Amino acid sequence: MIGPAVDRIELSFGPRALELGPRVLERSSGRVILATRTAGGAASSERREEFELEQLHAACAADEDAAILWQACENHALRAAPAQVMGIVNVTPDSFSDGGQYLDPELAIDHGMRLVRDGAQLLDVGGESTRPGAVPVSAAEELERVAPVVQGLAARRSSAAASFELSIDTTKAEVAAAALDAGATLVNDVSAGRADEDLLPLVADRGARIVLMHMQGEPRSMQRAPHYADVVADVCAFLRERVAACLAAGIDAASIVVDPGIGFGKTLDHNLALLARLHELRSLGLPLLLGVSRKSFMAHLARRQGVADSLETSGRAGGSAAAVALGVAAGAKILRVHDVALMAETVRVAEAIAGSPPQGSAS
């Protein structure tokens, strides 16, 4: 335990403070002050300890009370941030839903700008499929696919004075570096920094943001009998360890996003458990990205329930919207989707409902 038992918690967020119980947390410019107070009139006392963020995360790993306080602090700030829609721009021949549709760079650029007009605040450009069974491609081939698209989208953004963030969906530092040079500011890594040891230091050096996704195994093998003791607890533990790796590499905590990896090394029941208990991932105190759009768990669910599933992945818009809405209600802050116009409306309505205070019954 850090400090003695005390009478209240204050969590300070600029001019606001939230009383919860026995400690005081103040956060400013990447540092946290943890103060413990003992009640007792004239005999009351206070002890203050200052931590770097990396030190606090280490303390949280060893002290459940400190972890709960820190999570409450982070989640209070996260709740105020609106959810964003991330549009998918796949420049691949073999992605599970739209592989081969946008191999031509101009088609991919036009598609991306259409997604922005439909309501996307972020565009995620990927040149290597991560569908189950996908075969890896070289960095050179991946770069050949994505570089002109990222460059073209960055140029269109400037010329049209459009406002959107560019993300590169890659596990390779070489590809990420080229995309960051071209105007991307976010690296979406399905390996969470494990596939290329140079990726986390690169993100730190460039001051970029990173998405850490959970995946059991690798795309070629991840759906071969995945197993967990408790999928939600296991995913949380994995992501917490990868966050620690990011902090050790010098990445600011404010630049980290986490993703439970729906469909990546999970059975139908694993996916449903993660979605049902998505709110538990907020214990990480970091923005949550959710990628459920058109995924095969909807087909597996339909078969289990004796319902005919569309052979076309684009026919899963209803199921995608349902999962997106529930994800927003559970606290997801970035929704990675194909059907941007529909999902942007879904996000707006879900946020309005989730954010509305309960009202008394009409007389």
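Counting only residues that are of a type outside the set (Ser, Thr, Tyr) and over 11 Å from residue 232 (Cα atoms), which one in segment 267-281 is surrounded by the most Cβ atoms within 10 Å (Cβ to Cβ)?
Start the filter on segment 267-281 by keeping residues that are of a type outside the set (Ser, Thr, Tyr), which leaves 268-281.
Among the residues that remain, those that are also over 11 Å from residue 232 (Cα atoms) are: 268-269.
Working: 268: 16, 269: 13.
My answer is 268.
Would you please name the residue that is surrounded by the most Cβ atoms within 10 Å (Cβ to Cβ), looking only at residues in segment 125-148 that are within 22 Å of the chain's Cα centre (by Cα) and hydrophobic (A, V, I, L, M, F, W, C)? Give the steps one after another, and end with the answer.
Just the residues of segment 125-148 that are within 22 Å of the chain's Cα centre (by Cα), to begin with: 125-132, 146.
Next cut, hydrophobic (A, V, I, L, M, F, W, C) only: 125, 146.
On the way: 125: 29, 146: 27.
It comes out as 125.
Need the failing condition index for residue 168 against (1) in contact with a helix residue (DSSP H, G or I) (Cβ under 8 Å, 6 or more places away or on another chain); (2) more than 26 Å from residue 119 (Cβ to Cβ), just the number.
The number of the failed condition is (2).
Just the residues that are over 21 Å from residue 136 (Cβ atoms) and loosely packed, with under 14 Cβ neighbours inside 10 Å, please, taken from segment 206-248. Quick ask: steps written out before the conclusion?
So the first thing to find is which residues in segment 206-248 are over 21 Å from residue 136 (Cβ atoms), and the list is 206-209, 225, 227-241, 243-248.
Result: 207, 225, 227, 229, 230, 233, 237, 241, 248.
Only one residue in 315, 327 is part of a helix (DSSP H, G or I) and modelled with pLDDT under 90. Which one?
Values: 327 fails: modelled with pLDDT under 90.
From the options 315, 327, the qualifying one is 315.
Identify, please: which residue in segment 157-185 is free of Cβ contacts under 8 Å to residues at least 24 places away in the same chain and farther than 14 Å from residue 208 by Cβ and is, among those, surrounded by the fewest Cβ atoms within 10 Å (Cβ to Cβ)?
Quick first cut of segment 157-185, residues free of Cβ contacts under 8 Å to residues at least 24 places away in the same chain only: 158-159, 161, 181.
Then drop every residue that is not farther than 14 Å from residue 208 by Cβ, which leaves 158-159, 161.
Values: 158: 10, 159: 8, 161: 6.
Top of the filtered list is 161.
Assess whether residue 158 counts as being in a helix (DSSP H, G or I), among the hydroxyl-bearing types (Ser, Thr, Tyr), farther than 29 Å from residue 235 by Cβ and at pLDDT below 95. It would help to see each step written out before you state the result.
Details: in a helix (DSSP H, G or I): yes; among the hydroxyl-bearing types (Ser, Thr, Tyr): yes; farther than 29 Å from residue 235 by Cβ: yes; at pLDDT below 95: yes.
Against the criterion (in a helix (DSSP H, G or I), among the hydroxyl-bearing types (Ser, Thr, Tyr), farther than 29 Å from residue 235 by Cβ and at pLDDT below 95), residue 158 qualifies.
Can you tell me which residue among 284, 290, 335 is hydrophobic (A, V, I, L, M, F, W, C), under 27 Å from residue 255 (Cα atoms), in the same structural domain as residue 239 (by TED's automatic domain parsing) and modelled with pLDDT under 85? Let's see the steps before the verdict.
On the way: 290 fails: modelled with pLDDT under 85; 335 fails: modelled with pLDDT under 85.
Criteria check complete, one pass: 284.
For residues that are within 18 Å of residue 132 (Cβ to Cβ) and hydrophobic (A, V, I, L, M, F, W, C), tally how many sit in segment 261-301. So that I can check it myself, show each step before the final result.
Keep residues of segment 261-301 that are within 18 Å of residue 132 (Cβ to Cβ), which gives 261-272, 274, 291-301.
Add one more test, that the residue is hydrophobic (A, V, I, L, M, F, W, C), and what stays is 262, 264, 268, 272, 274, 292, 297-299, 301.
Residues in segment 261-301 being within 18 Å of residue 132 (Cβ to Cβ) and hydrophobic (A, V, I, L, M, F, W, C): 10 in total.
Only residues that are under 20 Å from residue 288 (Cα atoms) and among the acidic types (Asp, Glu): list them for segment 175-213, please.
189, the sole residue that qualifies.
Restricting to segment 196-205, count the residues that are touching a Cys at 6+ places or on another chain (Cβ under 9 Å) and closer than 23 Å to residue 136 by Cβ. I'd like the intermediate steps shown before the answer.
Here is the first cut: in segment 196-205, the residues touching a Cys at 6+ places or on another chain (Cβ under 9 Å) are 200, 203-204.
Filter once more, keeping what is closer than 23 Å to residue 136 by Cβ: 200, 203.
Matching residues across segment 196-205 total 2.
Restricting attention to segment 245-269, which residues are assigned to a strand (DSSP E or B) and aliphatic (A, V, I, L, M)? Let's see the steps before the verdict.
Narrowing segment 245-269 to residues assigned to a strand (DSSP E or B): 256-259.
Listed by number, the residues that qualify are 256, 257, 258.
Residue 109 fails exactly one of the following numbered conditions: (1) at pLDDT 95 or above; (2) over 22 Å from residue 339 (Cβ atoms); (3) surrounded by 15 or more Cβ atoms within 10 Å (Cβ to Cβ). What is the number of that condition?
(2) is the only condition that residue 109 fails.
The values are calculated or read from the model by the stated rules, or taken from the named source; none is laboratory data. All values derive from a computational prediction rather than experimental measurement. Quick reminder, even Gly has a Cβ in these numbers, built from the backbone with ideal geometry, and neighbours come from all protein chains shown.
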